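Every number in this text was worked out from the coordinates using simple rules, so none of it is lab data. This one's a predicted model, so the numbers in the text were calculated from it and none came from an experiment. Cβ coordinates were reconstructed from backbone atoms using ideal geometry, including for glycine residues, and neighbour counts include every protein chain displayed.
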């Protein structure tokens, strides 16, 4: 089942982890080995979690979401956000014959 309006994965860090640890953004960024600006952009949902950041978050927390889980959460968020734009895609779909063999569509 697809989640409705999944949160940005950094909402977990912003709303749960940082308050629980009583730690500043500056100190969190230092511990993660990234700039304060980079962490602020992530926390404010202006940037996406990259594979590198997913690994950093997992190592920083020591447990909790795996790097793969961080990336799956980011993917769910990104996909839902993109689908809400109702963008018209100029795509010519592949056609299939009666044997389910792909046939190039005519232009």
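Some notes on this structure:
- Within the option set 70, 60, 80, being in contact (Cβ under 8 Å) with a residue 60 or more places away in the chain, closer than 30 Å to residue 13 by Cβ and in contact with a helix residue (DSSP H, G or I) (Cβ under 8 Å, 6 or more places away or on another chain) holds for one residue only, 70.
- Unmet requirement for residue 33, which otherwise passes all of (1) closer than 22 Å to residue 5 by Cβ; (2) in contact with a helix residue (DSSP H, G or I) (Cβ under 8 Å, 6 or more places away or on another chain): (1)
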